[in-house]
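The values are calculated or read from the model by the stated rules, or taken from the named source; none is laboratory data. Given the structure is predicted, the values throughout are model-derived calculations rather than measurements. Using ideal geometry, Cβ is built from the backbone for each residue, glycine included, and neighbour counts are taken over all protein chains shown. What goes into the accessible areas is simple: the full protein's heavy atoms, side chains included, and nothing from ligands, DNA or RNA. Shrake-Rupley method; radii C 1.70, N 1.55, O 1.52, S 1.80 Å.
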Amino acid sequence: MPKVARFLLLPIVMLAAVTAAQPTPTVPPSSSSPPPTSMAALGDSITRALAVCCSNGDNSLHSWSTGHSPGDGVSSHYERLTGLDPAITGRNHNNAISGSIARHLPDQAEKAVQQNVEYVTILIGANDLCASSAATMTSEAEFASHITTALATLHGGLPKARIFVGSIPDLHQLWKVLESNAEARKAWSNGTCQSMLAASNTEEQRQSVIERELAFNQILAHACSQYKNCRWDNNAMHDFKFTPSDISVLDYFHPSFEGQARLAELTWQASWWGNQQ
């Protein structure tokens, strides 16, 4: 072979060798699974869509999880799932109870087992933080115990069900967004989440709530990671930078229609089927 030809061929041979030495890129395995034909929501007033509009009571038709009110702007998990498989129609159970704390979650999980559902969403912990003061919040050990029990109940009773666990929304951000709003401060003065929102709190007291919330979210993430059929939202709810329009003007605490819609979108994208729509 002529010398010039050998010289020109050398870089090609070297490039081929380097390319062969590189690991072949692999497509991450799909995290999707067949859509469920039934579901249940566990949690508290956020999942009951309390104060989303119209009245200060539950409005679960507008829930980010199981809501089913056409035209409200909230594309819930249930509504999105019906688009994937209509077999789930009418089989959406909202077991959440306004005012619930972590110790109520195992009973809600038992109910989901009795309903024999194929998908469960969980959002709990805000009320464990929203105590009368920072000193009376649920302890980390107690919170972990109830979360562990609830997930074990679901795993034992519904071993094939998919579970989605949401992080606790950022309570300190709520304070920062509305602290200068006179109507919000008036509403909060009636006893709303005093550990964080009481006007008399020091920043040190609020910091203790921030730290407890971070700990609770870590507990939720770890507990979920113990089961291959459990998916954590990777702090999607907690990291959501909401604005005043995302908060109900009825109590200046719960999500508005816009807030429920944003939570539905964020959590759906982090769910088992978010890549299918």
Practice problem: Treat each spin label as a single point 7 Å out from the Cα along the C-beta direction, and report the N181 to L214 distance in nm. | Solution: 2.6 nm
Self-check item: Cα-based Rg and Dmax for segment 77-128, where Dmax is the largest Cα-Cα distance (Å)
Solution: 12.5, 36
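Per DSSP H run of n ≥ 4, the term is -39500 (n - 2.57); total these for the chain, divide by its residue number, and report the mean residue ellipticity at 222 nm rounded to 500 deg cm²/dmol.
Working: 11 runs with 119 residues, N = 277.
Theoretical 222 nm ellipticity from helices: -13000 deg cm²/dmol.
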Quiz item: In Å², what does the accessible area per residue of the chain work out to with a 1.4 Å probe?
Solution: 48 Å²
Exercise. Please tell me the relative contact order of the chain in percent, rounded to the nearest whole number, where contacts are Cα pairs under 8 Å and at least six residues apart.
Key: 22 percent
Exercise. Calculate, for N229 and T136, the FRET efficiency according to 1/(1 + (r/R0)^6) with r their C-beta to C-beta distance and R0 35 Å; round to the nearest 0.05.
Key: 0.50
Quiz prompt | Inter-site label distance for Q114 and T202 at 7 Å from Cα along Cβ, in nm | solution = 4.8 nm
Quiz item: At a 1.4 Å probe radius, carbon and sulfur cover how many percent of the accessible area of segment 140-258?
Solution: 51 percent
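Where Rh is the Kirkwood radius over the Cα pairs of the chain, the temperature 37 °C and the viscosity 0.692 mPa s, what D in µm²/s does Stokes-Einstein return?
Numbers: Rh = 20.2 Å.
So the translational diffusion coefficient is about 162 µm²/s.
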Quiz item: Relative contact order, percent, of segment 152-277 when contacts are C-alpha pairs under 8 Å separated by at least 6 residues?
Solution: 32 percent
